[in-house]
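Please read the structure below before turning to the comments.
The values are calculated or read from the model by the stated rules, or taken from the named source; none is laboratory data. Since this is a predicted model, take the numbers as computed values, not measurements. Note that each Cβ is placed from the backbone with ideal geometry, even for glycine, and that neighbours are counted across all protein chains shown.
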Amino acid sequence: MQGNEKITAGQMGLLMFFAIAASAVTVVPGITGKYAHNDLWLSPIWASIIGYVTVFITCRLHQLYPNQSVIQYNEVILGSFLGKLASLFLIFFYLHLTGLILRGFAEFVVGNFLSRTPISVVMISMLLVNALAVKGGVEVLGRTAQLFFLIFLLPVALMPFLLGSMQLHYLFPILEHGLKPTFLGAASPQAWFSEVFLMTFFLPFVSNQEKSMRSGMISVFGTMLLLTVINFFILFVMGRQAGDFLYPVMVAFRYISVADFFQNLDSVVMGIWIIGMYQKISVFYYATAIGASQILGLRDYRPLVLPLGILIIVMAFWSVPDQLRVSQFDTLAFPIYGPLVQTVFPLLLWILAILQKRGQATNTGRTAMTNSGKS
């Protein structure tokens, strides 16, 4: 742990909410609409199941190995060599993912609003702000999450202004082609929900540990509710066309016009979304820095913040060449890549840890019986 830094379970929950929801609100509606059509509002409900499972597994592992992250108990469960190998892969995974998130953010900003700005300027500017937050420590991240939470939800309060453009008949017929399209629509969002595994890097800093699981579950539920509400509004405004757009949320907000005065609110929404993305990238950046410092045996992660920032920029350029590749990753690779590393791998760790603990208990019992027999 880094000194005496502490956050509450509620702050950790808000960090997990931003980690999942910040990018999901712009990307997920288009993906779910593409597969689930007018039943896209159901897909986040199915997708959230993997989030609840991931929270449960992560908290159970933390109960078995308190005050340790996955990087630290990997070696206890898997042994020195395999544990280090798994930890190195996890750090690469989050380094790669942070780069992809940063690239997706920059592609969106440049493609929709700052078309003349070099994408490198957008990425470096954001990452410099993230680096300052990460250097500030976990308490800074927790407090900014509290500060920005209600601001991030402000676009939801603007959605009633879309009532004039809504067509309720777009909702019907419900489940025209059965549940299968909604499950297909949930395949990609489930990867976002698996990101709640990042809890493992924050749980050692939580002051009220007994509320950690509840806080994680509420984060998943809140994200699911937000995505469901957004999908409903987008469906009522755009119908089946929602799946034809990469960012249907931004398109929907362009429909808002109140007395020919309140217009073009998509720029306001983008400004608020940037706050959410700042928080999300900071969470991933911090987790990567903490994990890397634990592998290297450093007492403080801060000397690694700048070098890791450079690597994140490199990953952002190297991983994907353009927006098309980012979208392909979100729809084709991430639905497998994300849950495999952030849900299936922790599940295997948990099973091995339980078997290991039972084996140790059995051996202890046998030793005690042998000693009592000798006496």
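Residues that are at pLDDT 95 or above, farther than 30 Å from Lys180 by Cα and either buried (at least 21 other Cβ atoms within 10 Å of the Cβ) or of a type in the set (A, V, I, L, M, F, W, C) (or both): does the range 14-33 have at least one?
Scanning the range 14-33, I find at least one residue that is at pLDDT 95 or above, farther than 30 Å from Lys180 by Cα and either buried (at least 21 other Cβ atoms within 10 Å of the Cβ) or of a type in the set (A, V, I, L, M, F, W, C) (or both), so the answer is yes.
Could you look through the range 271-299, keep only residues that are small (Gly, Ala, Ser) and under 13 Å from the mean Cα position of the chain (by Cα), and pick out the one that is nearest to Phe108 (Cα to Cα)? I'd like the intermediate steps shown before the answer.
At the first step, the residues of the range 271-299 found to be small (Gly, Ala, Ser) are 271, 276, 282, 287, 289, 291-293, 297.
Cutting the leftovers down to under 13 Å from the mean Cα position of the chain (by Cα) gives us 276, 282, 287.
On the way: Gly276: 14, Ser282: 18, Ala287: 24 Å.
Applying the filter and picking the extreme gives Gly276.
Can you run down the residue pairs with Cβ atoms below 6 Å, 6 or more apart or on separate chains, where the first is in the range 328-344 and in contact (Cβ under 8 Å) with a residue 24 or more places away in the chain and the partner is hydroxyl-bearing (Ser, Thr, Tyr)?
The qualifying pairs are Thr331/Ser188; Pro335/Ser188; Gly338/Ser194; Pro339/Ser194; Gln342/Ser194; Thr343/Thr54; Thr343/Ser194.
Here are some residues: Arg254, Arg240, Arg214. Which one is among the basic types (Lys, Arg) and within 19 Å of the chain's Cα centre (by Cα)? Talk me through it step by step, then tell me what you get.
Numbers: Arg254 fails: within 19 Å of the chain's Cα centre (by Cα); Arg240 fails: within 19 Å of the chain's Cα centre (by Cα).
Of Arg254, Arg240, Arg214, the one residue that is among the basic types (Lys, Arg) and within 19 Å of the chain's Cα centre (by Cα) is Arg214.
Which pairs turn up if I take residues in the range 220-244 that are at positive phi and look for partners that are surrounded by fewer than 24 Cβ atoms within 10 Å (Cβ to Cβ) with beta carbon separation below 9 Å, at least 6 apart in sequence or on another chain?
So the pair list comes out as Gly239/His37; Gly239/Asn38; Gly239/Gln167; Gly239/His169; Gly239/Tyr170.
How about the range 244-354: which helices (runs of 4 or more DSSP H) wholly inside it have at least 1 residues that are surrounded by fewer than 16 Cβ atoms within 10 Å (Cβ to Cβ) and not basic (Lys, Arg)? Even if it seems obvious, please write down each step before you answer.
Working: elements: 248-253, 266-296, 305-319, 323-328, 334-339.
Answer list for the range 244-354: 266-296, 305-319, 323-328, 334-339.
Could you list, in sequence order, the residues of the range 146-192 that are charged (D, E, K, R) and either closer than 30 Å to Ala19 by Cβ or touching a strand residue (DSSP E or B) at 6+ places or on another chain (Cβ under 9 Å) (or both)? First the steps, then the outcome.
Going residue by residue through the range 146-192, those that are charged (D, E, K, R) are 176, 180.
The one that is charged (D, E, K, R) and either closer than 30 Å to Ala19 by Cβ or touching a strand residue (DSSP E or B) at 6+ places or on another chain (Cβ under 9 Å) (or both): Lys180.
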